[in-house]
Amino acid sequence: MDDVEIADVNDEDSPFMVEKTSLKNQDLSSISLSVGEILSQYGWYVLLVTVLVYLLIQHLSKRRSSQSSRSSPPQTPQDSVLVARRQEAMEAARIKMQEELDAKADIFREKQKQQEEEKRRQKIEIWDSMQQGKSYKGAAKPSQTTEEASSSSTGSKPKPDKKPLRSADYNPLNGQGGGTCSFRPGRRGPSSGG
């Protein structure tokens with residue numbers, strides 16, 4: 001920048017006194033001076049610290065590379081044979097487990113087929129008993145065999161050991177005689193409707 005002259009008119013000593021001042025960036029000059037002063041006072045310390053950090057990084061990188069080479073030594077032919085044997089043993093174990101699982105699945109499927117066949121047979125028995133006019137519940141019992149069903153379907157009398165549905169003195173119009181239902185009036189109060 002160029003030098004600028006500023007004249008002060010209100011000065012008591014001289015009516016036209018001219019001052020020369022130079023305008024420079026004061027901030028940058030102070031920063032450059034402070035960095036220069038720091039380097040001149042602590043320069044050797046800064047240099048020593050940077051060299052130590054560099055040596056420390058080199059040492060750590062060598063140490064890391066030596067540890068990684070120790071953890072994975074080169075494979076010998078014996079190691080590769082051992083690895084192959086382990087893989088074969090694992091594959092044999094997998095095959096054995098799969099065969100056991102397949103056998104269990106076959107057994108389960110057979111049980112499912114037997115259960116479905118039993119259900120189908122029971123449905124047929126129920127249908128036959130319904131066609132003959134028997135009750136559904138009597139034919140649904142699993143303890144009844146086909147021989148008993150065929151003997152009972154020939155027209156034998158109902159067994160007397162069964163309990164009758166109603167007592168002999170039952171009268172639905174009477175309101176008594178073993179009936180548990182009775183009339184009860186509703187609750188009193190305002191209606192809940194809106």
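The values are calculated or read from the model by the stated rules, or taken from the named source; none is laboratory data. Predicted model, so just to flag it, every value in this text is computed and none were measured. So basically every Cβ, Gly included, is an ideal-geometry build from the backbone, and we count neighbours across all protein chains shown. To get the accessible areas, we keep the full protein, side chains included, count just its heavy atoms, and leave off ligands, DNA and RNA. Shrake-Rupley method; radii C 1.70, N 1.55, O 1.52, S 1.80 Å.
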Residue satisfying all of: in the stretch 107-146; modelled with pLDDT under 65 and aliphatic (A, V, I, L, M); surrounded by the most Cβ atoms within 10 Å (Cβ to Cβ) among these: ALA139
Whichever residue in the stretch 91-106 is of a type in the set (A, V, I, L, M, F, W, C) and open to solvent by 100 Å² or more (accessible area, probe 1.4 Å) and, among such residues, is farthest from LYS134 (Cα to Cα): MET97
